[in-house]
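Below is one structure; the comments refer to it alone.
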Amino acid sequence: MYRVRAKSKWTVMVWIVVILGCVFIFCEYVVYFPVILQCSWPEMAEKRDPLRALFLSDPHLLGAIRGHWFDKLRREWQMERSFQTALFLLRPEMVFILGDVFDEGKWSSTKDWEDDVRRFKQIFYHSSNTELVVLIGNHDIGFHHEMTSYKLERFEKIFNMTSAKILTKRGVNFLLVNSVALHGDHCPICQSVEDKLYSFAQQLNCSTQSDATRNHCRDMQTHASTPPIILQHYPLYRTSDAECTGEDAAPLNERYQLFQERYDVLSQDASKKLLWWFQPRLILSGHTHSSCEVFHENRFLEISVPSFSWRNHNNPSFILGTFSTSDFALSKCFLPEESSIIAVYCSSAVVTVLIILVHLRPFQGALHIVNSLLGKKKSL
């Protein structure tokens, strides 16, 4: 009899371990596949050889100063599984991260910076078939008053990025901008970036002219003759998120808070310059951690990409973009809701406790007494 009970207990324990193991594997590995499988590349009317790019923003990899080890472990695991699953299922040709890769880049010592970069390369590992482009954010090099040449060069060296760059892929021009430097106070870094942008504006203008033999265009570098897509960290100027909608827009109690120029958004002057100089067909930005769609001057579409980290959203997301020289289409891909994952874990814990209680002797005795009392009441 004793051997039978002992065997029964071991069987129950094995089943509990198996069930908990399956729950863990589902919540930490499997769940990303069915969720991301619901996403697909948007289609354009022009289907000939489109460029497919994935956009995400504000991962905020925690650093040595403010990052609790478990929070760091949890968030980075979620981002790694999401990113690697998205690469496996969607196979984008290009991936753009719109700044704030790190949470403490503006403070990091050389040792901490190297550790952050090592973890970044592990999380966002990609094959040679995918080109990864990382833009500069205020948490990577500091706000304008914290930005130094050392921090900027450290970032540019690791990510092969400059503060202003035109990247052309299959006839599509992407204008990459260090928006932290668009402060407008003529600081050395700011002036250098503004001069580069003005030069790029002239080059793109000459590239789109039908007759590029004019004297001022003769020695200009030319690019694909299409308006650029501006990619940067700070959004262009807007007063607030009051007009933003959607499940990943800012919470209602935050949408009507007024934005501060040069802190939450670019200044009005810098925003007007970018629109006037480049006449972009699309602007993609980050920084606010929330989603928003804005039409500047009723013609220039800007989309703010929400944060990729579960620290900032219950269900982070990224943008899928399909591009040609004359058209583009965008769609949003949501990731698993953390509240749902927690609910699965809690439900599993409750079921496990109930199974254990059912097989404990005192609990079995209590159940026997309850059943006896219920049987007597029925007989009466």
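Can you tell me the orientation of helix 149-159 relative to the chain, as the angle in degrees between its alpha-carbon axis and the longest Cα principal axis, to the nearest 10?
Long axis of 149-159 versus the principal axis of the chain: about 70 degrees.
Roughly how much of Leu73 is accessible, in Å² to the nearest 10, using a 1.4 Å probe?
100
So which of Lys157/Lys332; Lys72/Lys157; Lys169/Lys273; Lys157/Lys196; Lys111/Lys272; Lys106/Lys196 end up more than 29 Å apart by C-alpha?
Among Lys157/Lys332; Lys72/Lys157; Lys169/Lys273; Lys157/Lys196; Lys111/Lys272; Lys106/Lys196, the Cα-Cα distance tops 29 Å for Lys157/Lys332; Lys111/Lys272.
Please name whichever of Thr110, Gln122, Thr148 sits farthest to the positive end of the charge dipole of region 77-160, dipole taken about the Cα centre and charges placed at Cβ: Lys and Arg +1, Asp and Glu -1.
The residue sitting farthest along the positive end of the dipole is Gln122.
Considering only DSSP beta bridges whose two residues both sit in the chain, what percent are antiparallel, to the nearest 5?
55
Between Ala349 and Leu252, take the C-beta separation as r, use R0 = 35 Å, and let me know the FRET efficiency to the nearest 0.05.
It comes out at approximately 0.60.
State the cysteines of the chain left without a partner when partners are defined as other cysteines whose beta carbon lies under 4.7 Å away.
By the Cβ distance rule, which asks for a partner under 4.7 Å, the isolated cysteines are Cys22, Cys27, Cys346.
Roughly how far apart, in whole Å, are the Cα centres of region 215-256 and region 259-313?
4
Restricting to DSSP loop positions (anything but H, G, I, E, B) with no more than 10 other Cβ atoms inside 10 Å of their own Cβ, which trypsin sites (Lys or Arg not before Pro) remain in region 180-272?
In loop regions of region 180-272 (DSSP not H, G, I, E or B), the sparsely surrounded trypsin sites (Lys or Arg not before Pro) are Arg214.
Expressed as an acute angle from 0 to 90° and rounded to the nearest 10, what is the orientation of the C-alpha long axis of helix 69-90 relative to the principal long axis of the chain?
Long axis of 69-90 versus the principal axis of the chain: about 70 degrees.
Starting at the first residue of region 113-120, write each ³J(HN,Hα) from the Karplus equation 6.51 cos²θ - 1.76 cosθ + 1.60 with θ = phi - 60°, in whole Hz, x for Gly and Pro.
After applying 6.51 cos²θ - 1.76 cosθ + 1.60, I find 4, 4, 5, 4, 5, 4, 5, 4 Hz.
Would you mind calculating the relative contact order of the chain from Cα pairs under 8 angstrom and at least 6 residues apart, reporting the percent as a whole number?
Once divided by the residue count of the chain, the mean separation gives 20 percent.
Work out the FRET efficiency for Gln84 and Asp219 from their Cβ-Cβ distance, taking R0 = 56 Å, and round it to the nearest 0.05.
0.80
Please sort 19-25, 77-83, 135-141 by packing, taking for each peptide the average over its residues of neighbouring beta carbons within 10 angstrom, highest first.
135-141, 77-83, 19-25
The values are calculated or read from the model by the stated rules, or taken from the named source; none is laboratory data. Small disclaimer: the values here were computed from a predicted structure and weren't measured. Cβ coordinates were reconstructed from backbone atoms using ideal geometry, including for glycine residues, and neighbour counts include every protein chain displayed. Accessible surface areas use protein heavy atoms only, side chains included; no ligands, DNA or RNA. Shrake-Rupley method; radii C 1.70, N 1.55, O 1.52, S 1.80 Å.
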